[in-house]
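In what follows, a structure is listed as structure tokens, so that the remarks can point back to it.
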Amino acid sequence: MTTATEPSIHTATALETGWGATTPVDDTVQRHGALAMAAAWEAIARACGGRTHRADGWEAIDLGRPTGLFNSATVTHPLRDEEFGPSAARIERFYDRGGHGAALLWSPWPTPDLTARGWTLQGHPPLLYRPAGLPIERREPAHLEIVEVSTARELTEWCRTAVEAFPLTEVERPGSLLEPTVLDDDRFRFLLGHAEGRSVAVGCQAVVRGANVLLLSTVHPEYRGRGVYGALVADRLARHPDLPSVTIVSDDSRPILVTRFGFLPISRWTLWERPRP
């Protein structure tokens, strides 16, 4: 005679946390978004000849000069409060090693207060996720022409437009935001929006870790609310309809992504900024 028993929830193997070294990249939307964003920053740095560093719990990139979003460190798995201080110190040493321009620290989770370490809280932007295969509504305004950047001259124009439209006030030379070598990396795509004889908007995307990452996108203030931003979003989604898309945006940009394009708000990240000595 045998006696049936319930299987034990206690096993000899380590329990899955969702953030282990062998956990699939797309185990959860939160994990996929965090790793895809970090990978997109890293790809930018490598393509532009910048520095990169991967550690347990965070990844960082540095182009060595003021570049707005392109000097970023990303927390890639949850850190306990007692772990965050040492990790922040290592991130600070990475950026203080050379170069200039402010550094950004992105965390998908709440962080301890880093003010005493010289960081300034910039806000809690939302991570948005869009499943693959959703229909894409395209409404390109009649006055807008979207051009894919393919030459160094066009990239200089893209950089200048990004700096002016965002604006990125600390960038010293607007055309030097990125290096032309980034165009040799086919994971990236840079878009210029032309209207009425001038460049009025930019968009960028990267395909990394199985996701279509929508990176920096901005529109000159006088052209906002005229369908330009939505047209740039639709163009980038249509390029890779078979991939899930992720992005981090401001609260101003969030409504159109959620209501028109079907992005799902996943979580609010924590964003800090720190100047270099």
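Each value in this text was obtained by applying a stated rule to the coordinates, not by laboratory testing. Worth saying up front: this structure is predicted, and the values here are computed from it rather than measured. Positions of Cβ are backbone-derived with ideal geometry, glycine not excepted, and every protein chain shown enters the neighbour counts.
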**OP:** Evaluate the charge dipole of region 21-173 about its Cα centre and quote only its size in Debye, nearest 20, assuming +1 on the Cβ of each Lys and Arg and -1 on the Cβ of each Asp and Glu.
**Re:** 240
Original post:
Expressed as an acute angle from 0 to 90° and rounded to the nearest 10, what is the orientation of the C-alpha long axis of helix 29-47 relative to the principal long axis of the chain?
Top reply: 50
**OP:** Would you mind checking the tilt of helix 228-239 against the longest principal axis of the Cα atoms of the chain, expressed as 0 to 90 degrees and rounded to 10?
**Re:** 60
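Name the shape class, rounded, prolate or oblate, that the alpha-carbon gyration tensor gives for region 144-267, where a ≥ b ≥ c are the square roots of its eigenvalues, rounded holds for a/c under 1.5, and otherwise prolate holds if a/b is larger than b/c and oblate otherwise.
On the way: a/c = 1.61, a/b = 1.22, b/c = 1.31.
Verdict is oblate for region 144-267.
Would you mind ranking Glu16, Glu164, Glu42, Glu170 by Cβ crowding within 10 Å, fewest neighbours first?
Ranking Glu16, Glu164, Glu42, Glu170 by Cβ neighbours within 10 Å, fewest first, gives Glu16, Glu170, Glu164, Glu42.
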**OP:** At 0.36 nm per residue, minus the direct Cα-Cα distance, what do Asp252 and Gln122 gain on full extension? Give it in nm, one decimal, please.
**Re:** 45.3 nm
**OP:** Give the long-range amide H neighbours of Ala73: residues separated by 5 or more places, or on another chain, with amide H under 5 Å away, using H modelled in the peptide plane at 1.01 Å from N.
**Re:** Ile61, Leu104, Leu105, Trp106
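Quick one: putting +1 on the C-beta of Lys and Arg, -1 on the C-beta of Asp and Glu, what dipole do you get for region 144-267 around its Cα centre, in Debye to the nearest 20? Spell out each step's value before the answer.
Details: 13 positive and 17 negative charges, 70 e Å.
Dipole magnitude for region 144-267 comes out near 340 debye.
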**OP:** Let me know the shape class of region 170-237, please: from the alpha-carbon gyration tensor, a ≥ b ≥ c as square roots of the eigenvalues, rounded when a/c is under 1.5, otherwise prolate if a/b is greater than b/c, or oblate.
**Re:** oblate
Subject >> Cα-projected label distance for Glu82 with Ser176, points at 7 Å along beta-carbon direction, nm >> reply: 4.6
Original post:
In nm, to one decimal, how far is the modelled label at Glu273 from the one at Val147, with both set 7 Å along Cα→Cβ?
Top reply: 3.0
**OP:** Mind listing the long-range amide H neighbours of Tyr129? Cut-off is under 5 Å, sequence gap 5 or more, other chains count too, H placed in the peptide plane at 1.01 Å from N.
**Re:** Leu264, Ile266
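Excluding Glu137 itself, calculate the net charge of residues whose Cβ lies under 14 Å from the Cβ of Glu137, where each Lys or Arg counts +1 and each Asp or Glu counts -1.
On the way: positive: Arg130, Arg138, Arg139, Arg236, Arg260; negative: Glu140, Asp235.
With Lys, Arg at +1 and Asp, Glu at -1, the net is +3.
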**OP:** Please give the helix 152-165 orientation as an angle from the longest Cα principal axis of the chain, in degrees from 0 to 90, rounded to the nearest 10.
**Re:** 80
Original post:
Label Val29 and Glu140 with points 7 Å out from Cα along Cα→Cβ: what is the distance between them in nm?
Top reply: 2.9
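Quick check on the chain: helices-only [θ] at 222 nm, where DSSP H runs of length 4 and up contribute -39,500 (n - 2.57) each and the sum goes over total residues. Nearest 500, please.
For the chain, the value works out to -7500 deg cm²/dmol.
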**OP:** Amide H neighbours of Gly99 under 5 Å, at least 5 residues apart or on other chains, H built in the peptide plane: list them.
**Re:** none
**OP:** Apply the Karplus parameterisation 6.51 cos²θ - 1.76 cosθ + 1.60, with θ equal to phi minus 60°, to every residue of region 269-275 and state each ³J(HN,Hα) to the nearest whole Hz, in sequence, with x for glycine and proline.
**Re:** 8, 10, 10, 10, 10, 9, x
